[in-house]
Every structure is written in C-alpha cells, then in structure tokens.
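Enquirer: Please see the structure below; I have some questions.
The values are calculated or read from the model by the stated rules, or taken from the named source; none is laboratory data. In this text, all values refer to a predicted model and were calculated from it rather than measured experimentally. With ideal geometry, Cβ positions are generated from the backbone for all residues, glycine too; neighbour counts draw on all protein chains shown. Note: accessible area is taken over every heavy atom of the protein model, side chains too, but ligands, DNA and RNA are not part of it. Shrake-Rupley method; radii C 1.70, N 1.55, O 1.52, S 1.80 Å.
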Amino acid sequence: MSKPLVGIVMGSSNDWEIMQHSARALKDFGVAYEARALSAHRTPDLLMKWVDDLSAQGARCFIAGAGGAAHLAGVVAAKTTLPVLAVPIPSRHLQGLDSLLSMVQMPKGIPVATFAIGDAGAANAGLFAVAMLALADPGLAKKLAAFRKKQADAVRAAKLPELES
Ligand code: RP5
C-alpha cells in the first residue's frame, strides 16, 4: 500500500455516507488516502496524534467532514500547516446550515477551505485535493483534464425533450 497523500477525517462513522464521496473521487484518480472517524470533542488526543502521524508520513492535505457545531476542520487546521478542506455534513435540525457556518466562519489566521453541504461538497473536496496534487504530478493533471472533458462532452451531447403538440 502506498503512503496516504490525503487524510479524510469525519466526526462520526455516521458521516461516512457523505464522506465516502471524497474517498470515491480520490480512489477514481488513484490517489492514496486514509479515512478515519475521529472527533474533535470525543477523541481530541487521538485526532491530534492521527494528524501528526499522517503529516509525518507525507500527507499533502486533509479533508474534514463534520456536522452541527462543526469544529473538526478548524481543529485539524490548528494542528497542521497542510491545507484543510472542510465538508459540512447535513445535520438533523438545521440541515447542515450550522455545519456550513461553523466551518466557513473560521477566524482570520487559520484558514479552512469550505465546500458545499453534503454529497456535492464531499465529492468536490476530493476533486479539489486531486487538483492540488496535480500541480506537481503531470500524470494526475492529465487524468483530471480527461475527467473535465468527459463532463463537457456529456453536456454537449445532451438532448432536451421535444414538446408534444
Ligand atoms: C458531529 O456530530 C459529527 O460530525 C456528526 O455529523 C454529528 C452527529 O454525530 P453522531 O451523533 O451521529 O455520532 O460530531
């Protein structure tokens, strides 16, 4: 197994339903990742150790998904200077608006890059990690360009239904 280039962390195993979309994007591009459920408030010491260990192994960025008072991404960013991409998980009472605001409103100095709530945000965080890694990997850059072309081709080929008279 190659060393993980991306660490995917989520506050609860219940977040995997969403965060699997980050893992899927990385897997589809052949990018090695490690995914863990670790919580900023339930397992803070374990989380800190994992961030340190993965950074020491050569990880290039982290993706953090959490719901509610979602401080996970900010806590990861407090511990590393590697880029941290944040995915707001849809929450039961506020549908993820709480998660989004918790992540996007990081105070000045410790940034996290916040993506859309839910599946699309998780997939895009994975794709964004691929784009960052592609800056130093021409093979990956080629795969990313091909992925974009496939999407563009699908839009070009789309046929809209005829109206019935
Ligand atoms: C957060 O609280 C997790 O990220 C999760 O989205 C939310 C609820 O956690 P569970 O009660 O589902 O474990 O820490």
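Enquirer: If each residue of separation counts as 0.36 nm, what is the full-extension length gain between residue 101 and residue 154 once their alpha-carbon separation is subtracted?
Expert: That pair, residue 101 and residue 154, stretches by 15.7 nm at full extension.
Enquirer: Projected onto the charge dipole of the stretch 46-165 (+1 at Lys/Arg Cβ, -1 at Asp/Glu Cβ, origin at the Cα centre), which of 120, 101, 144 gives the Cα projection farthest towards the positive end?
Expert: 144
Enquirer: Here's a follow-up. Given Cα pairs under 8 Å that are at least 6 residues apart, what percent is the relative contact order of the stretch 1-155? Working shown, then result.
Expert: Numbers: 301 pairs, mean separation 37.0, N = 155.
Worked out over the stretch 1-155, it gives 24 percent.
Enquirer: Can you tell me which of 80, 43, 114 moves the most in a GNM of the chain? Springs connect C-alpha atoms under 10 Å apart.
Expert: 43
Enquirer: Residue 55 to residue 116: extension gain in nm, 0.36 nm per residue of separation minus the Cα-Cα distance?
Expert: Taking 0.36 nm per residue and subtracting the Cα distance, the gain is 19.4 nm.
Enquirer: Using a 1.4 Å probe over the heavy atoms of the protein chains, calculate the carbon and sulfur portion of the accessible area of the stretch 41-165 as a whole percent.
Expert: In the stretch 41-165, the share of accessible area belonging to carbon and sulfur is 61 percent.
Enquirer: Order 165, 99, most accessible first, counting only protein heavy atoms with a 1.4 angstrom probe.
Expert: 165, 99
Enquirer: Still on this structure, I have one more. Please calculate how many Å² of accessible area the chain carries per residue, with a 1.4 Å probe and no DNA, RNA or ligand atoms counted.
Expert: 59
Enquirer: In the chain, how does Rg compare with the Kirkwood Rh, expressed as the Rg/Rh ratio over alpha carbon atoms?
Expert: 1.04
Enquirer: Please give the charge dipole size of the stretch 14-165, origin at the Cα centre, charges +1 on K and R Cβ atoms and -1 on D and E Cβ atoms. Round to the nearest 20 debye.
Expert: Once rounded to the nearest 20, the dipole reads 380 debye.
Enquirer: Tell me the mean residue ellipticity at 222 nm calculated for the chain from its helices only (DSSP H runs of n ≥ 4, each -39500 (n - 2.57), averaged over every residue, nearest 500). It would help to have the intermediate numbers written out before the result.
Expert: Working: 6 runs with 78 residues, N = 165.
So the helix-based figure for the chain works out to -15000 deg cm²/dmol.
Enquirer: Within a Cβ distance under 13 Å of residue 17, other residues only, what is the Lys/Arg minus Asp/Glu net charge?
Expert: -1
Enquirer: Using heavy-atom solvent-accessible surface (probe 1.4 Å) with all chains present, what is the largest-first order of 137, 98?
Expert: The residues order as 137, 98, largest area first.
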